[in-house]
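Engineer: Sharing a structure with you now.
The values are calculated or read from the model by the stated rules, or taken from the named source; none is laboratory data. Everything numeric here is computed off the predicted structure, so don't read it as measured data. FYI the Cβ positions are ideal-geometry reconstructions off the backbone, even for glycines, and counts take in every protein chain you see. Surface areas here come from the heavy atoms of the whole protein model, side chains and all, with no ligands, DNA or RNA. Shrake-Rupley method; radii C 1.70, N 1.55, O 1.52, S 1.80 Å.
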Amino acid sequence: MRETTTTPGLRLRTRRLVTEALADTALELFDASGFDQVTVADIVKAAGISQRSFFRYFSNKEDVVFGDRIPGAEDVREELCRHLDGRSAWDALRATFVVAAEQMDGDAGRWKRATRVICGTPALRARYLEKHLAWTGALVPEIAARTDTGGPVAELKAQTMVNTALACFDVALERWAVDGEDRSLAVLVGEVFGFVCFPHEPSGA
């Protein structure tokens with residue numbers, strides 16, 4: 001009998017597909033019934049797998065919601081640096097978050113459910129805000145280095161801009177996740193950022 005083998009690449013793709021399918025099942029349950037009301041037993045029953053199989057893919061329920069969906073601080077910093085040359089710092093921040101929004105628009109159904117679950121669950125909201133803190137720590141130095149003031153004032157201005165940008169992104173994200181909202185997240189991000197103006201802000205080098 002001929003022995004068959006599975007390549008590492010195929011195994012990784014298969015694992016990814018199973019992980020996404022399991023996450024979709026869990027997110028649907030969380031969105032319909034509430035994160036705290038749904039147990040791992042509920043998830044595995046709906047997915048038709050064992051609890052042991054569930055824990056091969058996720059450490060806990062929180063990991064189902066977050067997984068590797070939210071970009072890391074270094075990824076966001078690199079994206080910002082791509083947009084800084086020739087633009088004001090605020091325009092660069094807007095372009096950075098529009099790119100993130102475009103990526104999320106590509107998987108809108110899953111992201112909208114995840115957003116609703118996060119916003120409706122205090123513990124998940126707190127974990128999401130931890131990501132914001134990491135992004136702030138990565139973005140502020142890049143913005144501060146390109147302000148025209150220098151010193152502590154530059155850092156203060158950069159912190160204000162970055163935190164305002166994160167607030168704008170969250171406003172757009174929460175609106176996008178509402179049932180009946182047909183506009184893309186990228187459009188909403190651009191619109192919300194347009195409500196804010198930082199005067200006397202120089203363009204990047």
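Engineer: Considering the stretch 155-175 alone, what residues qualify as being open to solvent by less than 70 Å² (accessible area, probe 1.4 Å) and among the hydrophobic types (A, V, I, L, M, F, W, C)?
Structural biologist: A158, M161, V162, A165, L166, A167, C168, F169, A172, L173 - these are the residues of the stretch 155-175 that are open to solvent by less than 70 Å² (accessible area, probe 1.4 Å) and among the hydrophobic types (A, V, I, L, M, F, W, C).
Engineer: Here is a further query. Identify all residues within the stretch 139-154 that are in contact (Cβ under 8 Å) with a residue 24 or more places away in the chain and open to solvent by 20 Å² or more (accessible area, probe 1.4 Å); write none if there are none.
Structural biologist: Within the stretch 139-154, E142, R146, T147, D148 qualify.
Engineer: Only one of (1) of a type in the set (D, E); (2) loosely packed, with under 13 Cβ neighbours inside 10 Å; (3) in a helix (DSSP H, G or I) is not met by D179, so which one is it?
Structural biologist: (3)
Engineer: Specify the residue that is farthest from V192 (Cα to Cα); the eligible residues are those in the stretch 118-131 that are assigned to a helix (DSSP H, G or I) and open to solvent by less than 20 Å² (accessible area, probe 1.4 Å).
Structural biologist: Selected residue: L124.
Engineer: If R69 satisfies all but one of (1) within 20 Å of E174 (Cβ to Cβ); (2) charged (D, E, K, R); (3) modelled with pLDDT of 95 or more, what's the number of the condition it fails?
Structural biologist: So R69 meets the others, but not (3).
Engineer: I'd like the full set of residues that are among the polar types (S, T, N, Q) and either assigned to a helix (DSSP H, G or I) or under 17 Å from T96 (Cα atoms) (or both), limited to the stretch 134-172.
Structural biologist: Correct list: T136, Q159, T160, N163, T164.
Engineer: Looking at the stretch 23-104, what helices (runs of 4 or more DSSP H) fall wholly within it and have at least 1 residues that are within 19 Å of A126 (Cβ to Cβ) and either without any contact (Cβ under 8 Å) to a residue 40 or more places away in the chain or of a type in the set (S, T, N, Q) (or both)?
Structural biologist: The qualifying helices (runs of 4 or more DSSP H) are 61-66.
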